[in-house]
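J.: Structure in structure tokens, see below.
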Amino acid sequence: MAVQLKAKIRENGKAKNLIKEGKIPAIIYGPNHENLKVQLLEGEIESLISKAKETTPVHVTVDVNGTVEERNVFIKSVQFHKVSGKIMHVDLYEPDPNKHMRFKIPVEFVGEAEGVKAGGIFDVLLRDIEGEALPLDIIEELKVDISSMKIGESLKVKDLKVPDNVKILQNAEDIVAIVKAPRAEEVTAPTEVAESAEPEAIKTKGKKEEEEEKEEKEEK
């Protein structure tokens, strides 16, 4: 289902001035129309971008000097300020409604795999799948129930279920996700520490022994 967005034809002026007024410069472009420079309300586009995906259809009503034009677009790109992170510019793409377009379908995994409950590791290899469809048939996301996956089992592209009007372009044998066996804990064998021989005690000579030794030296 398309989300709604209001726009107004952009008057001549610097983008910085628009942003200061709480408006975001944008452009609507596509194969069937000339580029249309518009301005969006900052709050509306921020709210939209926070929840919309590249595959989310957006229905834009544009105020062109009092006349309303309706456009069906997709958010193609968003430019953010490097320091503040605020939105600086938005590109809205309006495709030909009668021509197929390529897009990437985000994959959302639902549930907890049996293998994970048993100690396994759920590893995602593909987070989106390349597909093709008419603009009105594009799906926003693909939800996949993984609750029955056991350790050692994998989910491949060919296992995904999509509507008949959507063509998957990804290799059917590509692995989307897999439940890996838990890593064996490395057990380190205790190292036997050899008993070190205690150093021999240094014998100290008694006073009598010292005197005898002295006498022997004098006799020599």
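The values are calculated or read from the model by the stated rules, or taken from the named source; none is laboratory data. Everything numeric in this text was worked out from a predicted model, so none of it was measured. All Cβ positions, glycine included, derive from the backbone under ideal geometry; neighbour counts span all protein chains shown.
J.: Does segment 82-102 contain at least one residue that is of a type outside the set (Lys, Arg), more than 30 Å from Asn35 (Cβ to Cβ) and surrounded by fewer than 14 Cβ atoms within 10 Å (Cβ to Cβ)?
T.: The answer is no, given that none of the residues of segment 82-102 is of a type outside the set (Lys, Arg), more than 30 Å from Asn35 (Cβ to Cβ) and surrounded by fewer than 14 Cβ atoms within 10 Å (Cβ to Cβ).
J.: Now for a different question. Take the residues of segment 139-151 that are part of a loop (DSSP other than H, G, I, E, B) and at pLDDT 95 or above: which is nearest to Lys51 (Cα to Cα)?
T.: Looking at residues that are part of a loop (DSSP other than H, G, I, E, B) and at pLDDT 95 or above, I get Ile146.
J.: Any residue in segment 30-52 that is within 24 Å of the chain's Cα centre (by Cα) and in a loop (DSSP other than H, G, I, E, B)?
T.: yes
J.: When you look at Arg71, is it basic (Lys, Arg), loosely packed, with under 14 Cβ neighbours inside 10 Å and touching a Gly at 6+ places or on another chain (Cβ under 9 Å), yes or no?
T.: So Arg71 fails the test.
J.: Looking only at segment 75-98, which residues are of a type outside the set (Asp, Glu) and touching a residue at least 40 places away in the same chain (Cβ under 8 Å)?
T.: Hits for segment 75-98 are Lys86, Ile87, Met88, His89, Val90, Leu92, Tyr93, Pro95.
J.: Suppose we keep only residues that are buried (at least 17 other Cβ atoms within 10 Å of the Cβ) and basic (Lys, Arg) within segment 3-44. Which one would you say is modelled with the highest pLDDT?
T.: Checking each candidate, the answer is Lys23.
J.: Go through segment 152-162 and count every residue that is more than 11 Å from Phe122 (Cβ to Cβ) and in a loop (DSSP other than H, G, I, E, B).
T.: Of the residues in segment 152-162, 4 are more than 11 Å from Phe122 (Cβ to Cβ) and in a loop (DSSP other than H, G, I, E, B).
J.: I've got another one for you. List pairs: first in segment 27-47 and of a type in the set (Ser, Thr, Tyr), second assigned to a helix (DSSP H, G or I) and modelled with pLDDT of 95 or more, Cβ under 7 Å, 6+ apart or cross-chain?
T.: none
J.: Determine which member of the set Ala133, Ala113 is within 15 Å of Phe74 (Cα to Cα), out of contact with any helix residue (DSSP H, G or I) (no Cβ under 8 Å at 6 or more places or on another chain) and small (Gly, Ala, Ser).
T.: Of the residues listed, the single one that is within 15 Å of Phe74 (Cα to Cα), out of contact with any helix residue (DSSP H, G or I) (no Cβ under 8 Å at 6 or more places or on another chain) and small (Gly, Ala, Ser) is Ala133.
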